[in-house]
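Below is one structure, written out as C-alpha cells, with a few remarks after it.
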Amino acid sequence: MSTRTLPLLFINLGGEMLYILDQRLRAQNIPADKAKKVMNDIITTMFNKKFLEELFKPQELYSKKALRTVFDRLAHASIMRLNQASMDKLYDLMTMAFKYQVLLCPRPKDILLVSFNHMDAIRDFVKDTPSILGQVEETNKQLIEIYSLLSGGEFQLIRQTLLIFFQDMHIRVSIFLKDKVQNSNGRFVLPTSGPVPYGTQTPGLVRIYSCSGEELRKTLFRDNGNYCAALREGSFEMYGDRVIKLGTNMYSVSRPVETHMSGTSKNSLQHTKDKQANAELAKIMGEFGEEVEPSPSSSSKGDDLLAMMDGL
C-alpha cells in the first residue's frame, strides 16, 4: 500500500464532484451569483491550507466510511444542501468515474495527468477569484514537487492502492452502460484499441535474442486490436497539454469522446453521450433541498481530518 495515495484520491474525487455540481447548478438555472458562491465555498474548503497540510502527510488511505464523510461535509460547505439520497448517488458517480479513469490510465504515472486535468478545470472554475485561485495553484505546486520525483514503481504502487480501494465498488452508471464501457454487473470494459502507453511499441512483434544480446530473428503475431503509437507525452508542468482526456469534464459538451472511430460516428456518439449525461445527473441529484444535517462523524481512521473540517 502506498502512503502517497490519499491526496490524489481526494483531489480527483473532489474534481468529479465539482463537475457534477457545476452542471446541475447551470441546468437548474440557479442565479449566477449563488452558483458561483456555492462553487467558491466548496473549493475554498477543499483547498484550505491547514487541511491540505494534513492531507499531504504520508499516510494510509482512510476507510471508505471516513472518506465518504469528508465529502459529505465538503458538499455542504456552502449554502447548497443535498438530501441523503442525492448525496449517495453523487458519491457513487464520483467514485465510479475516477475508478474508470484509473483503470484506463495507459501508464501508472498517467494518474498524475488525470489529476492535473482535474486541477486545470478547478483552476478555471475560480479564475475570476484571485484568492481562491492562489490556493488551488499552491496545491498544484505541491503535487508537482512531491509526485514528479516518484519512480514508475512508486506510481504502480499508487495505482494498485487505488484499485484495491475501488475493487468492491461495482455500481452501475447509465452513462457508462449506454456507452458500452460498463457491463450489467458493474464491471468496466477495457478497450483493445487506441494509443499504447507513451514510450512503448504497438503489439504484434516478438524479437528473439541470443545470450549475448544479439537479435536473432523476429516473428509476428496477430494482436486482434487496433493499436497505434502515442504521439507525445502529456505535460507534467503547471500548465500544458495533458494529451490524455481522462479526468476532463465528461458533462461538458466540448469534451472530446474517448473512443477511436470515424468522425461521423464520433459526433453521433458524443451527442448521445451528452444527453445521457444530463439525464443521469438530473436523476441522481434531484432537487437541491433547503437544509440537511451533516452526516455523523466516523469513528474510524480519518477522525482528525474530519475534526479539522468542522473548524473551517
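The values are calculated or read from the model by the stated rules, or taken from the named source; none is laboratory data. Because the structure is predicted, anything quoted here is derived from the model rather than measured. Ideal geometry is used to build each Cβ from the backbone, glycine not excepted, and the neighbour counts take in all protein chains shown. What goes into the accessible areas is simple: the full protein's heavy atoms, side chains included, and nothing from ligands, DNA or RNA. Shrake-Rupley method; radii C 1.70, N 1.55, O 1.52, S 1.80 Å.
Take the residues in segment 217-237 that are open to solvent by 100 Å² or more (accessible area, probe 1.4 Å), outside any loop (DSSP other than H, G, I, E, B) and not charged (D, E, K, R); name whichever of them is modelled with the highest pLDDT. Per the criteria, the residue is LEU220.
Conditions (1) surrounded by 22 or more Cβ atoms within 10 Å (Cβ to Cβ); (2) touching a residue at least 12 places away in the same chain (Cβ under 8 Å); (3) closer than 25 Å to ASN40 by Cβ, marked per residue:
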| residue | (1), (2), (3) |
| --- | --- |
| PRO58 | no, yes, no |
| SER63 | no, yes, no |
| PHE71 | no, yes, yes |
| ALA77 | no, yes, yes |
| LYS109 | yes, yes, no |
| ASP128 | no, no, yes |
| LEU150 | no, yes, no |
| ILE158 | yes, yes, no |
| LEU162 | yes, yes, no |
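When SER254 is tested against (1) under 30 Å from ASP88 (Cα atoms); (2) open to solvent by 90 Å² or more (accessible area, probe 1.4 Å); (3) modelled with pLDDT of 90 or more, only condition (3) is not met. In this structure, does LEU113 turn out to be assigned to a helix (DSSP H, G or I), open to solvent by less than 30 Å² (accessible area, probe 1.4 Å) and in contact (Cβ under 8 Å) with a residue 60 or more places away in the chain? When the stated conditions are applied, LEU113 passes them. Of all the numbered requirements in (1) buried (at least 19 other Cβ atoms within 10 Å of the Cβ); (2) part of a helix (DSSP H, G or I); (3) not hydroxyl-bearing (Ser, Thr, Tyr), LEU133 misses one, and that requirement is (1).
Yes or no, residue by residue, for (1) closer than 18 Å to THR129 by Cα; (2) of a type in the set (D, E, K, R); (3) modelled with pLDDT under 95:
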site	(1), (2), (3)
LEU9	no, no, no
ASN29	no, no, yes
ASP33	yes, yes, yes
ASN40	yes, no, no
LYS49	yes, yes, yes
